[in-house]
Structure formats: structure tokens, C-alpha cells
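Please see the structure below; I have some questions.
The values are calculated or read from the model by the stated rules, or taken from the named source; none is laboratory data. If you're wondering where the values come from, they're calculated on a predicted model, not measured in any experiment. Note that each Cβ is placed from the backbone with ideal geometry, even for glycine, and that neighbours are counted across all protein chains shown. Heads up: the accessible areas ignore ligands, DNA and RNA and are worked out on the full protein's heavy atoms, side chains in. Shrake-Rupley method; radii C 1.70, N 1.55, O 1.52, S 1.80 Å.
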Amino acid sequence: MIRVEKSVEQAVYINRVRDILASRYSDKPRAVVTTFGCQQNVSDSQRLKGLLLSMGYELTEDPAKADIVIFNTCAVREHAEDRVWGNVGSMKKYKEQRRNMILAVCGCMVQQKQVAERFLKSYPYVDMIFGTQVGHRLPEFIYRRLTGERRICELALENKPAEEGVPVYNDGGFKGFIPIMSGCDNFCSYCIVPYVRGRERSRASAAILAEARQMIAEGFKEIMLLGQNVNSYGKGLDEDISFAKLLRMINGIPGEFRIKFMTSNPKDCGEDLLDAMRDCEKVERHLHLPFQSGSNGVLRRMNRKYTFESYCDIVNAARERMPDITFTSDVIVGFPNESEEDFGKTLELVGKVGFSALFTFIYSKREGTPAALMEDPVTREEKGRRFDRLLKLQEENAKRVLGSMIGKTVTVLCEEYSGGFVFGKDEHQLNVKFPGEEGLIGNFAKVKVTAAEEILIGEKI
Ligand code: SAH
Ligand code: SF4
Ligand code: F3S
């Protein structure tokens, strides 16, 4: 499904590329887009795919048959980058077989100077690198490559408002993303994102609402609002708007659909947002609220601007308004100089809140961030042991959260069917399985929870 919101600045290049491709290929040329990293990248890739389709490419998964391959990359941890180097390396053989194939690497990773230089110097078979703020210019880049320019390198970070009117190819079925803001101004000391995504820029609420209305008219059942820090949505816009107000406006669109959002930063998670969540029946009863560490000393050195205590206050304020709300979070284990006592506070917070799920990461040093310069005497082995202890505690917690759901009625968005069972997620972001028919896929079902194993088990009512 392609959505074109309005005319595209790149329309001229789209038409030129279309003509060139039609003259050079008898069948439709094929494109592969491979995405690493977070939902922002998945959403950006949906726009790259929308542009490729509008230029006359057809999408495929197989790089051996592709005429253009794009890697949309992530820089958040070393492991993410290692995967990209490996994948790009394995493209060399395909390039040798198909000399006219275009190989492009884009996204967060190439936005780092040392990475861009390494691609330019040591990867001569990469034709194109482009950064996180110029993806909408893909038609122009392809046109330049097809008309003889050997290599294209476009890495401007000008922090202009995000381009409107870019076609979107939704490959998520009835679930879609709407980026509401991009960039990050928080500069947490361990994090590369502000350097590779640039400053925070919010989209006008009218553009977001128009996109949401169109998606709902097309039958989308879930809309995920995206931003590195959705709570500061609206900053810098000429309108009187906040994230809480935006939620209320989207909730007011008629139709049966669910609203999700990520990510909320605890430092900006105010009562107005919690009130809006309580009042908006389409917003899920779940909050992803990354705390990173339970130790106030570590939080200070991370530049996170909240404390163990203020985090718990938000959790309590949310539970007062929505007793059934669930929480998930991101945690970093082994931040430089994290002591056993610091780590103990992380365990304490996890035990106290009772998260339904945790995304746990071992600290990864990112060149150019303040934390990369901090001393770190804690061994890799010790960090690994702490990581395992955290996982074990979380397993017990998750069982407790799931167990507390038995007897309750939840609303499941049905996503998959297999062997007589329907699988989906409820309004608390919990996985649910119940006996049902394939025809339910893409619909909401009321389910009474009868048991809790790895996931919730229930019966349709
Ligand atoms: N904007 C979001 C997070 C984006 S990055 C927020 O502020 O919550 C997603 C997660 O990756 C972070 O929450 C953090 O837990 C993790 N992360 C970021 N940088 C990291 C690093 N250098 N090492 C390990 N984990 C990191
Ligand atoms: Fe990174 Fe912090 Fe920004 Fe999240 S809020 S993207 S962790 S700098
Ligand atoms: Fe990775 Fe960029 Fe997202 S660094 S986590 S893809 S914003």
C-alpha cells in the first residue's frame, strides 16, 4: 500500500529515473532494503521503499537478483555496527556478478565521520552513502548514479523540518508508524543518537492528523507514534501543541484503532500525558519508559535528569489513574564505573515496579560520546554476570505480571493464526493466544484470560 500525502519535491527525479529504468530494463528492476536498528529506521525504510516503488522498482528480499540494495543502518551499539560491516562485505560477490547493481548504505551509522571515511576508503564497491536527514532525496541520488556519477556521498545534517509528502510503503499490514518528531536534544552521555540524527524537529500536527486519518480510512488498526523523545513533541513549532494534546486529537478521530507511542523519556513524562492516556480510550494501557539505571549516581553521570525516586513517582501517578497499566523499559548494565551497589539499585527498581518486559543492554562504548572518556574498571565478565542476574529477576517479575491477568478480560488485536489458535497483543502490550479462526486476523477480539504460561491464554467472549 502506498500513501502519497502531497506532491513530492523529488517528483522531477522520480520521473527521470522511471524513464531511464524503462529504457534499460525489459522487466521491472528489483530493489532490496535491509533495515537495522529501531522503529525510526523501520519507518524511514518504509519511505525509501515508497520512493523506490514510485520510480518503477519492484521490492524483493533476494540481493542476488537485485538492481539496487540499500542498507539502512544503526549505530547505537557496537554489535549493531558489526552486523552492518559483515552484511556490506558479503555484497562484494553480488557486485562482481552484476556490475550495474547499485549498493547504498544509509542511516545512523554512516552519519559518523570515521564510518563514512572507512566506507569511502575501504569499500570501493559501495556506490552511495547518505545520512539520516536526506533520505527523501533518494530519487535524485539514483538519477545521478544512473547518469554517470561514480560515487554519491550526502551527509548533510541541517536540522530542517522533516520532508512532507514522501510516499510510504507500509509493509506492516494493518499496523503502521507515524513519525511525529525526529532527532534528539538530550545528549545522554552514552548515546550516539543526538550526533547521528541531529536536533529535535517536530512535524506540524495538521500533517500528522492528515496521515492518521488517511491510515484509518485505509483500515489500519494500530498506529504507532514515533520519536526518540515523544514527550517533547511540539518544541519549536508555531502552534500551541504538546504530546498530550496530540494524543487527544488523534484519539478523537472516529474509527476502531489502537494508538501506541514510543519513546517516552521519564524526565519529560508529566501529569498532562498521564491524564491524556487515562482519558483516551484508544491509547494502549502500557507505557514504555526507559529508566537505564536505578542508581542516582549513575543516572547523573548518564545525564538522564531524573532519579530513582522521581521515576517511581511517575509509575505511581500512572497507576493511580490507570490501575491496570503495564510498564516496559530499557536498561543499561555496566555503564562505566557502575559499582555492585549501583547495580543493586537497578535490581531494586526492577523489583519495585514489576515490568512486564525489559530490553536489557550491556553498555557499549560509542566514540565521540562523553561516556567513552570515562574510566571503566569493571570487567566484561562481571558485567555479564550482572546482566544474567537482571534477566533472572525479570523472568520472575514477568511471570508475576502475567499471572495477575488471570480472570480479566482484555482486547486483543489479532495478528497471526496457527493450528486453530489466534495470536495477538492486548492493550497492555501482552501477548495473548486463544482458540479462534483465521478470519479474526486484523480485528479486535474480547478475550477472557484463563491461564498464564509464557504468554496469556484465553477464550474469546
Ligand atoms: N530515545 C530512547 C532510546 C533510544 S536508544 C530513550 O531515550 O529512551 C534505545 C536504547 O538503547 C536506550 O534506551 C538504551 O537503553 C540503549 N542504548 C543507547 N546507547 C547505548 C550504549 N552506548 N550502550 C548500550 N545501550 C545503549
Ligand atoms: Fe539517546 Fe538519551 Fe536521546 Fe534517548 S534521550 S536517544 S538515550 S540521547
Ligand atoms: Fe539505531 Fe539510529 Fe535508531 S542509532 S537505535 S537506528 S535512531
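Between ASP19, ASP44, ASP27, ASP62, which is within 16 Å of ligand 2 (Cβ to nearest atom) and acidic (Asp, Glu)?
Numbers: ASP19 fails: within 16 Å of ligand 2 (Cβ to nearest atom); ASP27 fails: within 16 Å of ligand 2 (Cβ to nearest atom); ASP62 fails: within 16 Å of ligand 2 (Cβ to nearest atom).
Of ASP19, ASP44, ASP27, ASP62, the one residue that is within 16 Å of ligand 2 (Cβ to nearest atom) and acidic (Asp, Glu) is ASP44.
If ARG197 satisfies every condition in (1) surrounded by fewer than 18 Cβ atoms within 10 Å (Cβ to Cβ); (2) within 16 Å of ligand 2 (Cβ to nearest atom); (3) not β-branched (Val, Ile, Thr) but one, which is the exception?
Of (1) surrounded by fewer than 18 Cβ atoms within 10 Å (Cβ to Cβ); (2) within 16 Å of ligand 2 (Cβ to nearest atom); (3) not β-branched (Val, Ile, Thr), only one is false for ARG197: (1).
When only residues in region 107-129 that are among the hydrophobic types (A, V, I, L, M, F, W, C) and out of contact with any Ser or Thr (no Cβ under 8 Å at 6 or more places or on another chain) count, which is most open to solvent (accessible area, probe 1.4 Å)?
So in region 107-129, the residues among the hydrophobic types (A, V, I, L, M, F, W, C) come out as 108-110, 115-116, 119-120, 126, 128-129.
Subsequent filtering for residues that are out of contact with any Ser or Thr (no Cβ under 8 Å at 6 or more places or on another chain) retains 115-116, 119-120, 126, 128-129.
On the way: VAL115: 7, ALA116: 7, PHE119: 0, LEU120: 72, VAL126: 3, MET128: 1, ILE129: 4 Å².
Out of the qualifying residues, it is LEU120.
Further, regarding this structure: If I go through region 332-366 residue by residue, how many of them are within 16 Å of ligand 3 (Cβ to nearest atom) and either loosely packed, with under 14 Cβ neighbours inside 10 Å or farther than 23 Å from CYS108 by Cα (or both)? Outline the logic, then answer.
So the first thing to find is which residues in region 332-366 are within 16 Å of ligand 3 (Cβ to nearest atom), and the list is 332, 359-366.
Narrowing further to those that are either loosely packed, with under 14 Cβ neighbours inside 10 Å or farther than 23 Å from CYS108 by Cα (or both): 359.
Here the count works out to 1.
A further question on this structure: Would it be correct to say that LEU246 is open to solvent by less than 20 Å² (accessible area, probe 1.4 Å), of a type outside the set (Val, Ile, Thr), in the same structural domain as MET215 (by TED's automatic domain parsing) and farther than 25 Å from SER293 by Cβ?
Numbers: open to solvent by less than 20 Å² (accessible area, probe 1.4 Å): yes; of a type outside the set (Val, Ile, Thr): yes; in the same structural domain as MET215 (by TED's automatic domain parsing): yes; farther than 25 Å from SER293 by Cβ: yes.
Yes, satisfied.
Tell me, which residue of region 199-242 that is β-branched (Val, Ile, Thr) and within 18 Å of the chain's Cα centre (by Cα) is farthest from GLU158 (Cα to Cα)? Outline the logic, then answer.
Pass one, region 199-242, residues β-branched (Val, Ile, Thr): 208, 216, 223, 230, 241.
Now restrict to residues that are within 18 Å of the chain's Cα centre (by Cα): 208, 223, 230.
Details: ILE208: 22, ILE223: 29, VAL230: 21 Å.
Across region 199-242, the extreme among qualifying residues is ILE223.
Kindly list, by first and then second residue, each pair from a residue in region 29-40 that is in a helix (DSSP H, G or I) to a residue that is away from ligand 2 (no atom under 16 Å from the Cβ), limited to pairs with Cβ atoms under 9 Å and residues at least 6 apart or on different chains.
GLN39/PHE177; GLN39/MET224; GLN40/PHE177
Here is a further query. Within region 311-337, restricting attention to residues that are over 30 Å from THR411 (Cβ atoms) and in contact with a helix residue (DSSP H, G or I) (Cβ under 7 Å, 6 or more places away or on another chain), which residue is farthest from ligand 1 (Cβ to nearest atom)? If you could, list the steps in order and put the result at the bottom.
Pass one, region 311-337, residues over 30 Å from THR411 (Cβ atoms): 332-337.
With in contact with a helix residue (DSSP H, G or I) (Cβ under 7 Å, 6 or more places away or on another chain) added as a condition, the list becomes 333-336.
Details: VAL333: 9, GLY334: 9, PHE335: 8, PRO336: 10 Å.
Filtering first and then ranking leaves PRO336.
Is there a residue being closer than 24 Å to GLU78 by Cα, within 12 Å of ligand 3 (Cβ to nearest atom) and of a type outside the set (A, V, I, L, M) anywhere in region 170-181? Give the steps one after another, and end with the answer.
Keep residues of region 170-181 that are closer than 24 Å to GLU78 by Cα, which gives none.
So far as region 170-181 goes, no, none of its residues is closer than 24 Å to GLU78 by Cα, within 12 Å of ligand 3 (Cβ to nearest atom) and of a type outside the set (A, V, I, L, M).
Pairs please, first residue from region 347-373 and at positive phi, second anywhere and within 15 Å of ligand 2 (Cβ to nearest atom) and assigned to a loop (DSSP other than H, G, I, E, B), Cβ atoms under 9 Å, 6+ apart in sequence or on different chains.
Between residues of region 347-373 that are at positive phi and residues that are within 15 Å of ligand 2 (Cβ to nearest atom) and assigned to a loop (DSSP other than H, G, I, E, B), the close pairs are GLY368/GLN112; GLY368/ILE192.
Can you find even one residue in region 201-216 that is part of a loop (DSSP other than H, G, I, E, B), surrounded by 17 or more Cβ atoms within 10 Å (Cβ to Cβ) and within 16 Å of ligand 3 (Cβ to nearest atom)?
no
Testing THR132 on (1) in contact with a Ser or Thr (Cβ under 9 Å, 6 or more places away or on another chain); (2) surrounded by fewer than 23 Cβ atoms within 10 Å (Cβ to Cβ); (3) closer than 21 Å to GLY198 by Cα, one condition comes back false. Which one is that?
(2)
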